[in-house]
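J.: Just dropping this structure here.
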Amino acid sequence: MREPLIPAALSLFLPGAGQLLNGDYAKAAVVFGITAASYFIPVLGPPIRLAAWAYGVWDAYRTASKNSK
């Protein structure tokens, strides 16, 4: 049983890290890739980055909660 806060906390610091810990490798690549690519988009980059970061934290927590039951 894994505490759901651990993957969520990892995703706070590195987008996609919580998904990696949960074993969702494809999702981790997508979250990290979107976050990394958003640095090259001048105007829309920050909102995209924020959305990908928030989704990554939420999804890491949600997936770990489901897997711990």
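J.: Assess whether PRO15 counts as being under 8 Å from the mean Cα position of the chain (by Cα) and in a loop (DSSP other than H, G, I, E, B). Spell out how you get there, then give the answer.
T.: Numbers: under 8 Å from the mean Cα position of the chain (by Cα): yes; in a loop (DSSP other than H, G, I, E, B): yes.
Taking the combined requirement at face value, the residue satisfies it.
J.: Given the criteria in contact with a Ser or Thr (Cβ under 7 Å, 6 or more places away or on another chain) and either part of a helix (DSSP H, G or I) or in contact (Cβ under 8 Å) with a residue 24 or more places away in the chain (or both), does ALA26 qualify?
T.: no
J.: Can you find, within region 41-69, the residue that is least open to solvent (accessible area, probe 1.4 Å) among those that are free of Cβ contacts under 8 Å to residues at least 12 places away in the same chain and either small (Gly, Ala, Ser) or in contact with a strand residue (DSSP E or B) (Cβ under 6 Å, 6 or more places away or on another chain) (or both)?
T.: Ranking the candidates gives GLY45 first.
The values are calculated or read from the model by the stated rules, or taken from the named source; none is laboratory data. Just so it is clear, the structure is predicted and the values come from calculations on it, not from any experiment. Positions of Cβ are backbone-derived with ideal geometry, glycine not excepted, and every protein chain shown enters the neighbour counts. Side chains are part of the model used for accessible areas, which takes the heavy atoms of the whole protein and leaves out ligands, DNA and RNA. Shrake-Rupley method; radii C 1.70, N 1.55, O 1.52, S 1.80 Å.
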